[in-house]
Amino acid sequence: DHYKSIKYWKTFVNTGQLYLITIQCTRLFGKYESYIYRPEYPAAVTEKDGELINEYINKCQAFLQSDIDASKYEYEIMSYRILYGALMVIAGGRSIKQGVDELEAVLVNYQQANLNTETDSIFMCLMLGYFSLKDFERCARTFKRYAKSIKGKPVFEENDIRIYAYYYVAQWLFTQSRQYAVKLSLLLREHPGKNASKAVEIMMEYFKVPA
């Protein structure tokens, strides 16, 4: 009976944990998005945040490796996979490649599912990941996939700004074409005061993109 009781309770998803990791992942992304693409990262991560990132990565892995009923909890499994991928990108270094691979797998495995608000978050993390890996060709391909998937109707404006910015900066670094610097300046003028716009300004300054 004791074994059956344990097995019974393991079939339930800890929604509180999922919510907490989502909030912390959003906070960590906002705090470090302007550092992840820099060579000195992840040295910029505080000791406390570094421990949190590793803790949440381990929690995501533990959940995904559990024997939970996939047919009943498809959304929760998908959410944990997205969080795991995002946290691996935030972790930086060699973890970025694992993060983008996981997020690419989510897009493939759940392409028939209703991703709704998760779509632009996935593409944003992919763009940051490929940008940080200096894989500018993948940045361009991922941007085109994003543009096709949203059909001119972005879900969350802040994510949309970042995705366009990663693409423009990547293209500017790759081609040195003035048109992408112009597009970045226009992007900032169209979205003044946004958190994403501040991150774009920092990125332009760091890479010395002409305003």
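The values are calculated or read from the model by the stated rules, or taken from the named source; none is laboratory data. Here the structure is a predicted model, which is why all the values come from computation and not from measurement. All Cβ positions, even for glycine, are placed from backbone atoms using ideal geometry, and neighbour counts span all protein chains on display. Just the protein is used for accessible areas: all its heavy atoms, side chains included, with ligands, DNA and RNA removed. Shrake-Rupley method; radii C 1.70, N 1.55, O 1.52, S 1.80 Å.
Assorted remarks:
- Among Ser95, Ser197, Ser149, residue whose mean-square fluctuation peaks in a GNM of the chain (springs only between Cα atoms under 10 Å): Ser149
- The chain: most fluctuating residue of Glu47, Glu33, Glu137 per GNM, C-alpha cutoff 10 Å: Glu47
- Legend: distances between Cα atoms for Lys59/Lys144; Lys144/Lys183; Lys59/Lys97; Lys72/Lys153; pairs beyond 24 Å are Lys59/Lys144; Lys72/Lys153.
- D_trans [Stokes-Einstein, Kirkwood Rh over alpha-carbon pairs] for region 134-177, 25 °C, 0.890 mPa s, µm² s⁻¹: 227
- Cα convex hull of the chain, projected area averaged across orientations, nm²: 12.7
- Computed over the chain with a Gaussian network model linking Cα atoms closer than 10 Å, the most mobile of Gly30, Gly129, Gly152 is Gly152.
- Local electrostatic count at Ser121 - Lys and Arg +1, Asp and Glu -1, tallied over other residues with Cβ under 15 Å: -4
- Ranked by the mean number of other Cβ atoms within 10 Å per residue, highest first, peptides 157-169, 182-194 order as 157-169, 182-194.
- At 0.692 mPa s and 37 °C, Stokes diffusion of region 89-211 via Kirkwood alpha-carbon radius, µm² per second: 223
- Loop trypsin sites (Lys or Arg not before Pro), region 29-113, which have at most 15 other Cβ atoms in a 10 Å radius of their Cβ (DSSP): Lys72, Arg94
- In region 163-207, Rg over Rh equals 0.94, where Rg is the alpha-carbon radius of gyration and Rh the Kirkwood radius from pairwise Cα distances.
- Under the Karplus curve 6.51 cos²θ - 1.76 cosθ + 1.60, θ = phi - 60°, whole-Hz ³J(HN,Hα) for region 62-69, x wherever Gly or Pro sits: 4, 5, 5, 8, 6, 9, 5, 6
- Once the 1.4 Å probe is applied to the protein heavy atoms, the chain comes out at 56 Å² accessible per residue.
- Calculated FRET efficiency, Tyr75 to Lys208, Cβ-Cβ distance, R0 = 35 Å: about 0.25 to the nearest 0.05.
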